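*Asks:* A single structure is presented below for examination.
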Amino acid sequence: VALANSPAIDPLAWFANAPSATERWFWEAPAQGISWVGLGVAGIINVQGPNRFREAAQESQRFFDALIVDAPAGAPPPRLAAGFSFEDHPRPGHWAQLGTGRLVLPATQVLRNPNGTWLTNIGTPPEPPATHTAPEAMKSVDANAADWASPAARRHYRHLVQRALESIADGELTKAVP
């Protein structure tokens, strides 16, 4: 459904107004004029192992093939929210509950692009529309590590990066993200 001009046309407003217990995702590409929010869960795909990306592609295609779409011409298709671990096997700890790959088909989706704003609902009544605008974005600031990190802290960070590179070269790690 195309949305008219109101706070409901801002995907970030939907994100900000959703109940805190609701699973939600937000993605934006400002240069392209695109933003998207997904709320709730209509379906989940969990994948693991070295073939998890191929399995994710196959399973997501099955998801979309099974959807019965009732939408006006030009309406964008629903999207999946996805996340993958760097390792192909589960790790213990804080992120363990997410596994090695998870794709979620959000039950309510709002996509804004240069052609308008669309509400997509999958299987259940949609979340209540956003009634308040999104909070103002924080202004970006020029950041220089020298302004907030001591020379010792910067040396320590460089040392950690060097150790990560050595561990990758030795095959102990496959990727490190600072």
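*Asks:* Report in % the part of the accessible area of the stretch 1-97 that belongs to carbon and sulfur, leaving out ligands and nucleic acids; probe 1.4 Å.
*Replies:* 56
*Asks:* Next question. How long is the gain from Arg62 to Ile168 if the chain were fully straight, where each residue apart is worth 0.36 nm and the alpha carbon distance is subtracted?
*Replies:* Gain on extension, Arg62 to Ile168, equals 34.6 nm.
*Asks:* In addition: Using the crude model of +1 on Lys and Arg Cβ and -1 on Asp and Glu Cβ, and no other charge, please compute the dipole size for the stretch 33-122 relative to its Cα centre, in debye to 20.
*Replies:* Numbers: 7 positive and 6 negative charges, 32 e Å.
In total the dipole reaches around 160 debye.
*Asks:* Expressed as a rounded percentage, what relative contact order does the stretch 54-122 have, with Cα pairs under 8 Å and six or more residues apart?
*Replies:* Numbers: 61 pairs, mean separation 19.0, N = 69.
This gives 28 percent for the stretch 54-122.
The values are calculated or read from the model by the stated rules, or taken from the named source; none is laboratory data. Note that the structure is a prediction, hence the values are computed from the model and not measured. Heads up, the Cβs are rebuilt from the backbone with ideal geometry, glycines too, and the neighbour counts pull from every protein chain shown. Areas reflect the complete protein model, heavy atoms only, side chains present, ligands, DNA and RNA absent. Shrake-Rupley method; radii C 1.70, N 1.55, O 1.52, S 1.80 Å.
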